[in-house]
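Remarks on the structure that follows.
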Amino acid sequence: VQLQACGGGLVQAGGFLRISCAVSGSIFSFNHMGWYRQAPGKQRELVAVITTGGRVNYTDSVKGRFTISRDFTKNTVSLHMNSLKPEDTAVYYCHAESMYYNDYWGQGTEVTVSS
């Protein structure tokens with residue numbers, strides 16, 4: 001299984017970015033998929049997760065600003081990030097847990113929000 005993330009970049013505060021994760025295989029085969037991020041000097045944290053059944057969960061700091069979505073035809077999971085803040089600056093990692101409870105990670109995509 002391979003996860004390929006893309007779409008990061010530099011954006012001004014208040015701006016918008018969408019990052020996507022392409023999965024080699026069907027996303028139906030995963031219990032859940034999500035996005036983590038790791039800012040410089042900080043631990044990796046969960047940002048958003050979506051289960052096979054469509055249940056979503058977000059960390060408090062991004063609620064109302066970020067939306068996680070998936071496309072079964074393209075086997076992708078995306079994170080739509082609105083009203084970006086400098087504190088959202090981090091490397092964002094796509095994650096997937098298989099139905100056999102194996103963890104898979106993408107290579108990370110960098111998001112930088114300038115003030």
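What the table below lists for this structure:
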| read-out | value |
| --- | --- |
| First in the stretch 64-76 and touching a residue at least 12 places away in the same chain (Cβ under 8 Å), second anywhere and hydroxyl-bearing (Ser, Thr, Tyr) and not in a strand (DSSP E or B), Cβ under 7 Å, 6 or more apart | ARG65/SER83; ASN75/SER26 |
| Boolean, THR73 is within 28 Å of SER115 (Cβ to Cβ), modelled with pLDDT of 90 or more, open to solvent by 30 Å² or more (accessible area, probe 1.4 Å) and among the β-branched types (Val, Ile, Thr) | no |
| Tabulated pairs, the stretch 101-113, first on the phi > 0 side of the Ramachandran plot, second among the hydroxyl-bearing types (Ser, Thr, Tyr) and open to solvent by less than 90 Å² (accessible area, probe 1.4 Å), C-beta under 6 angstrom, 6+ apart or interchain | GLY108/TYR93 |
| Residue within the stretch 4-15 that is outside any strand (DSSP E or B) and open to solvent by 70 Å² or more (accessible area, probe 1.4 Å) present | no |
| Any hit, the stretch 49-62, residues being without any contact (Cβ under 8 Å) to a residue 40 or more places away in the chain, assigned to a loop (DSSP other than H, G, I, E, B) and under 16 Å from GLY108 (Cβ atoms) | no |
| Number of positions in the stretch 16-30 that are surrounded by fewer than 15 Cβ atoms within 10 Å (Cβ to Cβ) and either part of a strand (DSSP E or B) or modelled with pLDDT of 95 or more (or both) | 2 |
| Within the stretch 76-115, tally of residues that are in contact with a Gly (Cβ under 9 Å, 6 or more places away or on another chain) and open to solvent by 80 Å² or more (accessible area, probe 1.4 Å) | 2 |
| Residue ID - farthest from TYR101 (Cα to Cα), chosen from residues in the stretch 31-52 that are open to solvent by 50 Å² or more (accessible area, probe 1.4 Å) and hydroxyl-bearing (Ser, Thr, Tyr) | TYR36 |
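The values are calculated or read from the model by the stated rules, or taken from the named source; none is laboratory data. Just so it is clear, the model here is predicted, and its values are computed rather than measured. Positions of Cβ are backbone-derived with ideal geometry, glycine not excepted, and every protein chain shown enters the neighbour counts. These accessible areas exclude ligands, DNA and RNA; they are computed on the full protein's heavy atoms, side chains included. Shrake-Rupley method; radii C 1.70, N 1.55, O 1.52, S 1.80 Å.
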